[in-house]
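Encoded as structure tokens, the structure appears first; notes follow it.
The values are calculated or read from the model by the stated rules, or taken from the named source; none is laboratory data. Keep in mind that this is a model prediction, so the values were computed, not measured. All Cβ positions, even for glycine, are placed from backbone atoms using ideal geometry, and neighbour counts span all protein chains on display.
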Amino acid sequence: MSGIASSIVGTCGLCRTKGTRLCYSDLIPKAISRWIRLSMNGDPNPNPVVITQDRALQRNFRVAEYFLCPLCEDRLNKGGESWVLKNAYRGGASFPMRDALASASQVVQLSEAKFFDVSLNENFQLQKLICFFVGIFWKAAAREWTSVDHKTQLDFGPYEEGFRSYLMGAAEFPERAALVINLSGNAKPLICALYPYGGGHIEGTRQYRVALPGMAAWLHIGNLPAELKEMCAVRRNRVALVDDLDQLFVRDGGRLIGRTKPASSLLAHR
């Protein structure tokens, strides 16, 4: 987030201040698109593959709208984005966020993942990671966002206001919501991203997902089963280390690509 006010005047989506100059706010940090481009160095077309409802193509496209005031851009940046981008995976062998789990206590072992309690880990600022992902999910639901050839908006119903108030520090995390945060156990995670998507029914809840290099988050809303409450980063201070998070990227991305018409430039790579 740049936090640079434009000449566009409107109402800030987060603090609701009217008549304020708005920033050109990104749905996910624009730095991530830069990481993807750098990872494709040497490719004839280094632009990220953009998957929409109707097609897949390579384009340097920024999903952003005039939405937040400079103060709220700064609020989200200091609240989580700055720390996350500094400690996330961006290529090579360094992944500070994952490395910090080495000094955390493992509390749950599943077949393909381990959950760690990071509440006492000074090197892992969980609250910043939580605010980072909640901010992305909330933005995706708070307004329409223009992609390459369509507009999209998640439907949180009455929960959207609860997440807005949480980000403002005016309310607790919604009672009927759970945030599951996953870090990649892959030696060199894929450098790619899936914008917020979902809304399907899973275990009595509506699940939404977002995936970024080396990490992914699932937001569940509704009648939460006990297992989801135990996995929730907000309530239980837990983060999952998934053995093969890349597999989820490939699976979910593949489902999206399978429903689209690839651009001729992508077909040339097959």
Selected residue [in contact (Cβ under 8 Å) with a residue 60 or more places away in the chain and more than 24 Å from Tyr197 (Cα to Cα)] from Val63, Val107, Val148: Val107
Residues (surrounded by fewer than 15 Cβ atoms within 10 Å (Cβ to Cβ) and either in contact (Cβ under 8 Å) with a residue 24 or more places away in the chain or closer than 16 Å to Leu76 by Cβ (or both)) located in the stretch 166-183: Met168, Gly169, Ala170, Arg176
Of the criteria (1) surrounded by fewer than 16 Cβ atoms within 10 Å (Cβ to Cβ); (2) among the acidic types (Asp, Glu); (3) modelled with pLDDT of 90 or more, which one Asp54 fails: (3)
Answer from Phe116, Phe132, Phe124 - the residue that is crowded, with 22+ Cβ neighbours inside 10 Å, touching an Asp or Glu at 6+ places or on another chain (Cβ under 8 Å), within 25 Å of Gly214 (Cα to Cα) and of a type outside the set (Gly, Ala, Ser): Phe132
Answer from Leu22, Leu71 - the residue that is modelled with pLDDT of 95 or more, under 30 Å from Ser165 (Cβ atoms), in contact with a Gly (Cβ under 6 Å, 6 or more places away or on another chain) and among the hydrophobic types (A, V, I, L, M, F, W, C): Leu22
Residue within the stretch 223-239 that is surrounded by fewer than 19 Cβ atoms within 10 Å (Cβ to Cβ) and assigned to a strand (DSSP E or B) present: no
Output for the stretch 126-176, where each listed residue is among the polar types (S, T, N, Q) and either under 13 Å from the mean Cα position of the chain (by Cα) or part of a strand (DSSP E or B) (or both): Thr146, Thr152
